[in-house]
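First the structure, in the form of structure tokens, and then the observations on it.
The values are calculated or read from the model by the stated rules, or taken from the named source; none is laboratory data. Not measured: the values here are computed from a predicted model. When we count neighbours, we look across all protein chains shown, and the Cβ atoms used for this are built from the backbone with ideal geometry, even at glycine.
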Amino acid sequence: MIMTRHHTTRLAAMAFAASLVISALLLWPATALAHVKWFAPYIVGAAPQPIGETLANVWFWTGLALVLAFFAATRLVEASSAGEAVLKRLDALTDPLWHRLDDFIRVVIAAFFVAIFAVGGVYLTPDLKTPAEWVSWTQLLIAGLIFSRKTQPLAAVGIIGLWLLALRDYDVFHLLDYLALGVGVAGYLVLEASDNPQWRKHRLEVLRWGVAIALMWSSLEKFAYPDWFYPLVDEKPFLTFGMPRDMFIPMAGVAEFTMGFGLLWTPLVRRLSAIALFVIFTAAVYPFGRVDLIGHALIMAVIVAIAADHTRDIRPLPRLKSSLAGVPAGLASALLVIGGLYWGLHGAIYGAGYTATTMAGERLTHTPNAEHPHGMHGAAGTADTASAAYAIAMDKMHGPMMEGVANPDPDEAFVLGMIPHHQGAIAMAEIVLRFGKDHHNHELAREIIAAQQREIAEMRAWLQQRNIPQP
């Protein structure tokens, strides 16, 4: 039976609509979830939740099942006679942008650096703060260099340079969120300026991989640190659309990871994933304001470019991507590699035995901040002035410390006295994070918290090995 052109177009439209509906249903839980690091006083060195907790979470597997249904439906459409018709329809809708895509990307990159120059006091994103005024002027210089193909490589060097400069104030794990995106943007600028057509044709591919890896990496925070998201959900309960918090967060993480993965797959999958991600990021602008808009502007521009990309190239691994069975295999591989790197690198940098706790033994993933009272614990959260908070902290430390050093065994006395001493240092660091204004003191306080908590964990392990009662 021969289908008419009208029937083929109609089938394509119906298939395209069905894919969008599935996409919307899948991504509904993730709508309007902002990047938590910009809005909460997190502790990046805190011990992540064990990966086993995620693997035992029913909502994680529910989200994956929905994702696989979405990808399978999209691949079936793409492999059918209607697939090319759907792609051509997308091509027609995005033709004006496609013909000026490089101009669009360059202008948006430049506009992003002008915006963070205007904000001032940050390296690359809202949570990477710096008091160095010259950094902002460097950002303005980078924006200017982008408007000439001859100077674009210098702009690329400037972007990587800003990331390296941030290492002075932040540890490398903190900055890994932004490395893939920075390398992707820098790589695009270098390749776009190249006179070698074989190199230049990979410019959009490099940019796409950079954004995809950045999204997949940052999504793992929702599994490693669900506590980071509790304050946002508590303060803005409408974000969950009535869903229970512990259902919403893992499913949102699955949606973000898999849509990032989708940007690396076949043309229809990656374009629908880009459209869905754009909806998510746009939805976050109203509840979270211009901080979120500026912070996500670069990613939003890139996913618009991906949605407008007319190329049909599916390198690398074309056979895997073309196969329906390749979707779960590819997704499982991405989860294994990126998840393994996330937990493995954190353990390598901070130590596998590191545990963040408060003076009362509560697991701590946020540092106190007057604008975020959910993060306040101990002395920092029970006084209205710094002086009062310091006095409370010293009172809490002095008694247990003197009791510990009174132990007749010198080794036990050292450990039993040092634990409350370290807890007092943590309390003082928390107080300066709440009341202090100096950026360098804040960074020093975070370093003290991380170091003292790691040493407390080592001393508690020493006591436990010897069956000595914990203070």
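Quick notes
- Candidates Ala427, Ala406, Ala457, Ala450 - the one that is loosely packed, with under 14 Cβ neighbours inside 10 Å and among the aliphatic types (A, V, I, L, M): Ala406
- His174 being surrounded by fewer than 19 Cβ atoms within 10 Å (Cβ to Cβ) and either free of Cβ contacts under 8 Å to residues at least 24 places away in the same chain or not β-branched (Val, Ile, Thr) (or both): no
- Selection status of Leu87, in a loop (DSSP other than H, G, I, E, B), among the hydrophobic types (A, V, I, L, M, F, W, C) and either buried (at least 18 other Cβ atoms within 10 Å of the Cβ) or over 21 Å from the mean Cα position of the chain (by Cα) (or both): no
- Residues (part of a helix (DSSP H, G or I) and either surrounded by fewer than 18 Cβ atoms within 10 Å (Cβ to Cβ) or among the aromatic types (Phe, Trp, Tyr) (or both)) located in segment 460-471: Ala461, Trp462, Leu463, Gln464, Gln465
- Within segment 231-245, at least one residue is in contact with a Lys or Arg (Cβ under 9 Å, 6 or more places away or on another chain), closer than 25 Å to Ser273 by Cβ and either at pLDDT below 90 or among the polar types (S, T, N, Q) (or both).
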